[in-house]
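Below you'll find the structure, written out as structure tokens, and then a few comments.
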Amino acid sequence: MSRVFAVLLAAAMLLGLCCASDRSPTAVPGEPLPGLTDAELTRFRQGAVLFDRVFTPPEGLGPLFNENQCSACHTDPASGGSGGVRVDKATRFVPPDSCDLLSTSGGENVRRQATPFMRALGIEREAFPSEATERGRFTPPFLFGLGLVEAIPDETILEYADPNDTDGNGISGRPGTATDGGLGRFGRKAEFRTLLAFTDLALRQEMGLTTPLTPVESGFNGGPLPPGADPAPEPEVDLQTLELFVDFVRFLAAPARADRGPAHRDSVRLGEQVFESLGCTRCHVPAMRTGRSDIAALDRKMVPLYSDLLLHDMGSALTDVCGLGATPSEVRTELLMGLRYRDVYLHNGGSGTLPDAIHRHGGEAQAARDAFAALDQVSQLHLFTFLNSL
């Protein structure tokens with residue numbers, strides 16, 4: 001299937017031109033996927049309680065951490081959203097493609113808080129590793145609809161990959177490398193294949209909670225823990241609890257599009273035409289279809305993600321840390337579903353307005369950015385009406 005045909009098919013299906021069972025399973029942010037069974041809804045609600053729970057040091061929080069509950073970072077516009085907290089990372093990159101995540105010295109997540117046990121030992125927070133050649137700051141990603149994203153087959157994502165730009169359009173998206181060696185789709189550098197791996201790492205690095213998958217506590221900048229720094233036995237979260245965290249994320253619905261009546265829909269339609277004419281859909285693919293799943297709510301559904309889930313070179317303005325399979329200037333295409341609920345943009349939260357976010361695009365997005373700058377004012381207004389409907 002050609003990339004052009006794949007984009008057109010995804011857009012047509014997103015607009016409801018295919019059978020009703022393919023239509024996007026969307027809802028108000030924070031709500032569960034439509035069509036869950038009673039048992040799945042129960043797990044979603046149990047996971048939501050855990051997601052909002054405040055953990056304490058005796059329960060395993062820390063001893064180094066960023067926040068004491070998941071919803072402290074994923075809070076706006078509902079649990080599972082984003083927030084003002086930033087995650088600091090540091091790496092060492094040796095051109096052309098050697099990336100050291102500095103995981104043994106704390107570079108994967110430079111945590112900014114410490115429990116009273118750790119502070120009593122004179123440690124207030126982690127330091128950036130001295131051997132780092134790059135630093136990066138990332139906003140917490142929206143979690144809405146990520147269960148649907150996980151259910152998209154690898155081969156569907158690979159339809160859009162063109163690492164050598166064989167079609168000559170200047171876009172050379174390539175798949176990310178996950179920690180288990182598979183195709184990465186989660187994380188700003190596309191380094192996680194599954195929600196289980198994504199959630200497990202977040203619990204360990206953001207809150208210092210160990211699990212059966214990662215039962216070893218990490219001390220100051222990757223070193224051993226001093227005696228008495230962490231009184232909770234390992235693992236601090238059992239497998240059943242970890243799976244409830246995962247199911248909360250898996251069963252979060254994708255945000256529904258805004259619809260303010262016929263006039264608004266006309267403007268949105270014109271804006272989407274502008275979006276496509278600029279070449280934005282070459283990376284921000286409107287929709288992909290999930291594969292077969294034993295979970296009916298995830299089975300062969302259209303996901304209005306507006307991303308190809310691939311890595312792209314975004315130019316010098318967005319260069320920061322490297323990743324397992326990503327250079328410092330490469331970032332996985334941001335998902336645009338739920339865009340209207342955000343108040344900062346780009347993976348690093350570096351833009352406060354949509355025009356500024358577009359102007360910061362470079363590298364493979366340079367041509368689209370230049371085309372946007374040349375638009376007349378009316379076309380730009382239509383474009384922003386469309387973007388603010390997502």
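The values are calculated or read from the model by the stated rules, or taken from the named source; none is laboratory data. Just so you know, these numbers come straight off a predicted model, no measurement behind them. Positions of Cβ are generated from backbone atoms using ideal geometry, with glycine treated the same way; all protein chains shown enter the neighbour counts. These area figures cover heavy atoms from the full protein model, side chains too; ligands, DNA and RNA do not enter into them. Shrake-Rupley method; radii C 1.70, N 1.55, O 1.52, S 1.80 Å.
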Query raised in the report: Of all the residues that make up the range 180-208, how many are crowded, with 21+ Cβ neighbours inside 10 Å, part of a strand (DSSP E or B) and hydrophobic (A, V, I, L, M, F, W, C)?
Result: 2
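Does E272 count as in a loop (DSSP other than H, G, I, E, B) and of a type in the set (D, E)?
Details: in a loop (DSSP other than H, G, I, E, B): no; of a type in the set (D, E): yes.
Against the criterion (in a loop (DSSP other than H, G, I, E, B) and of a type in the set (D, E)), E272 does not qualify.
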Query - Selection status of L209, more than 15 Å from the chain's Cα centre (by Cα), modelled with pLDDT of 95 or more and farther than 20 Å from T56 by Cβ - result: no
Query raised in the report: Taking the stated definitions as given, is D370 in a loop (DSSP other than H, G, I, E, B), open to solvent by 20 Å² or more (accessible area, probe 1.4 Å), acidic (D, E) and more than 27 Å from T179 (Cα to Cα)?
Result: no
Query - Near pairs, Cβ below 6 angstrom, 6+ apart or cross-chain, from the range 324-337 (within 16 Å of N348 (Cα to Cα)) to any residue that is open to solvent by 10 Å² or more (accessible area, probe 1.4 Å) and hydroxyl-bearing (S, T, Y) - result: P328/T319; S329/T319
Query raised in the report: Are there any pairs with C-beta distances below 7 angstrom linking a residue in the range 144-165 that is within 27 Å of R340 (Cα to Cα) to a residue that is of a type in the set (S, T, N, Q) and modelled with pLDDT of 95 or more, with the two at least 6 apart or on different chains, and if so which?
Result: L148/T290; E150/T194; A151/T290; A151/S293; I152/T290
Requested in this report: Answer yes or no as to whether D247 is open to solvent by less than 40 Å² (accessible area, probe 1.4 Å), in contact with a Lys or Arg (Cβ under 6 Å, 6 or more places away or on another chain) and under 26 Å from G184 (Cα atoms).
Outcome: yes
Report task. Could you tell me which numbered condition A357 fails, if it satisfies all but one of (1) in contact with a Ser or Thr (Cβ under 9 Å, 6 or more places away or on another chain); (2) touching a residue at least 24 places away in the same chain (Cβ under 8 Å)? Result -> (2)
Requested in this report: Quick one: count up the residues across the range 322-378 that are under 28 Å from V94 (Cα atoms) and among the polar types (S, T, N, Q).
Outcome: 5
Requested in this report: Can you run down the residue pairs with Cβ atoms below 6 Å, 6 or more apart or on separate chains, where the first is in the range 234-255 and under 24 Å from E217 (Cβ atoms) and assigned to a strand (DSSP E or B) and the partner is open to solvent by less than 40 Å² (accessible area, probe 1.4 Å) and aromatic (F, W, Y)?
Outcome: none
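So if I check each of D259, D294, D308, which one is part of a loop (DSSP other than H, G, I, E, B) and within 16 Å of the chain's Cα centre (by Cα)? Outline the logic, then answer.
On the way: D259 fails: within 16 Å of the chain's Cα centre (by Cα); D294 fails: within 16 Å of the chain's Cα centre (by Cα).
On inspection, the qualifying residue turns out to be D308.
Please determine, by comparing only the residues of the range 316-341 that are part of a loop (DSSP other than H, G, I, E, B) and at pLDDT below 95, which one is least open to solvent (accessible area, probe 1.4 Å).
Looking only at the range 316-341, we keep the residues that are part of a loop (DSSP other than H, G, I, E, B), and these are 319-322, 324-325, 327-329, 333-338.
Next, from what is left, pick out any that are at pLDDT below 95: 324-325.
On the way: L324: 80, G325: 16 Å².
Among those that are part of a loop (DSSP other than H, G, I, E, B) and at pLDDT below 95, it is G325.
Could you tell me which of the residues S130, S98, S82, S103 is crowded, with 16+ Cβ neighbours inside 10 Å and hydroxyl-bearing (S, T, Y)?
Working: S130 fails: crowded, with 16+ Cβ neighbours inside 10 Å; S98 fails: crowded, with 16+ Cβ neighbours inside 10 Å; S103 fails: crowded, with 16+ Cβ neighbours inside 10 Å.
Testing whether each residue is crowded, with 16+ Cβ neighbours inside 10 Å and hydroxyl-bearing (S, T, Y) leaves just S82.
Among the residues of the range 59-71, count how many are open to solvent by 30 Å² or more (accessible area, probe 1.4 Å) and either free of Cβ contacts under 8 Å to residues at least 40 places away in the same chain or under 15 Å from F248 (Cα atoms) (or both).
Of all residues in the range 59-71, those open to solvent by 30 Å² or more (accessible area, probe 1.4 Å) come to 59, 67-69.
Filter once more, so that each one left must be either free of Cβ contacts under 8 Å to residues at least 40 places away in the same chain or under 15 Å from F248 (Cα atoms) (or both): 69.
Total satisfying the criteria: 1.
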Query raised in the report: Which one is nearest to H284 (Cα to Cα) among residues in the range 152-179 that are open to solvent by 40 Å² or more (accessible area, probe 1.4 Å) and of a type in the set (S, T, N, Q)?
Result: N169
Query raised in the report: Hey, among the residues in the range 261-295 that are under 23 Å from E150 (Cα atoms), in contact (Cβ under 8 Å) with a residue 60 or more places away in the chain and among the charged types (D, E, K, R), which one's most open to solvent (accessible area, probe 1.4 Å)?
Result: R282
